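What follows is calculated from the coordinates using simple rules that are stated; it is not laboratory data. This is a predicted model, so every value here is computed, not measured. Cβ coordinates were reconstructed from backbone atoms using ideal geometry, including for glycine residues, and neighbour counts include every protein chain displayed.
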Amino acid sequence: MTALGSTFARRWRPLFTNRPFMVLWSARTLSWFGNAMAPMALGFAVLDAIGGVASLSAVIVARSVPNLLLVLFGGALADRSIRRRVMMWSAFVSAVSQFVCAWVFLSGHATLPLLLALSVVNGSSAALAGPASDALLRLVVPDQQLRDAGAFARFGMDMALLTGTGIGGVLIATFGPATTLMIDAGTFLFAGIMYACLPEPPTTTDSSSGMWRSLREGLTHVLASRWIAGCVLVTWVYMSCFACGIQVLALIVADDTFGRAGLGLANAFQIAGSITGIMVFTLMKDRVRLSTAVAAMGCSLAAPLGVLAFGAANQPPTAGLLMPMSMAMLVAGVIGQVAASVQSVTLQRKVPSDRIGRVGSYSALASLGGIAAGEILAAPLAAGLGVAGGLALLAGLAIAVSVAVALLPSVRIIDSAAD
């Protein structure tokens, strides 16, 4: 373990001495920590103050819709503006919206229309910040450190999501959801201050051109580079299958097999696998090709989907699925994280810096849109094919699309250039 720790320290030590990167990493990690606390705190606050599943769902949708609709504009804005300012003002807007949200709950003035408006503001600021955050990484580290910087940034994000969820639960139980939202506002405030301290060279994009022209240029670049379009497609299919199979249909299978606590344990294995995947990616250097990563991404997700399909197909339901499901989720977490990291670093290296925000926004749109599509399709898919049939179809789709994209000539050219 000591040798392994020294290996990571040696790989990441140059990043620790890069002040702009560490400021960016700290601000991003703090923002992700706040994002992890917010949904649970807001959900319990809505249930306490207003009540009803319909109200809770409306508030969640009010944040998700602008996040989905505005992410492309966020990418264009990131390429047209100084990215540090985009991140700074986004964090400040999120801090103000969360502070006002906490205040209306604490003061007893919470109403559904007001909460919907605050959720729209918060979702909009998040949509504008995401692409700028990824694009900013390119400007604060040299090319030879991009790979390790991307891995360390993902490590911070995963640890923030993991600890933020746990600490958020403790804060809600101890101080209540409204006070937790106030603390959450503080995380965004401090993140905004960190972004304000971050130096950044001005963008090279011509900001005099219209926003729609910038969006068209980004789409043209994605479609012209078929390997990028393929990666975007794989991301959409992966997130659709994950949302439909793991987040929705798995709940039905769990109730008939290993139980809800067992599903929670399996999800914990997936998170552990994701964190482990970052370590594996760091140690492997540039040994994983893009085609291998793309193919492995879909195939790894097919493992837990296949276990769930097997459990649902047997009547009475098969017992003893918890261990294979947990191991499948662990493997999916490791391979999925390595594959996503390879794709992310390849985009950072190959896409021009003045277009990285817009190209990254299409990947973000694929991820967000895939989750929404998977959640919407779960019910009709289960009704038409049954739970087992639907899960089997999702597993086959994940494999077929990822392998097909991995075999694209443009992806193989990227592999050849990396050799």
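Observations, loosely collected:
- Of the Cα atoms belonging to the stretch 18-208, the radius of gyration and Dmax stand at 17.0, 53 Å.
- Close amide H pairs (under 5 Å, H built 1.01 Å from N) link V288 with no residue at least 5 positions away or on another chain.
- Residue-span extension gain [T111 to M323] - 0.36 nm each, minus C-alpha spacing: 71.8 nm
- Note on A379 and A196: with the Förster distance fixed at 45 Å, the Cβ-Cβ geometry gives a FRET efficiency of about 0.50.
- Residues R358, R28, arranged from fewest to most other Cβ atoms within 10 angstrom of their Cβ, appear as R28, R358.
- Residues L394, L137, ranked from the fewest to the most other C-beta atoms within 10 Å, line up as L137, L394.
- Note that the chain shows a convex hull volume over its alpha carbon atoms of 149 Å³ per residue.
- Counting Lys and Arg as +1 and Asp and Glu as -1 over every other residue whose Cβ lies under 12 Å from the Cβ of G164, the net charge comes to -2.
- Look at R349, R355 and count the other Cβ atoms within 10 Å of each Cβ; fewest to most, that gives R349, R355.
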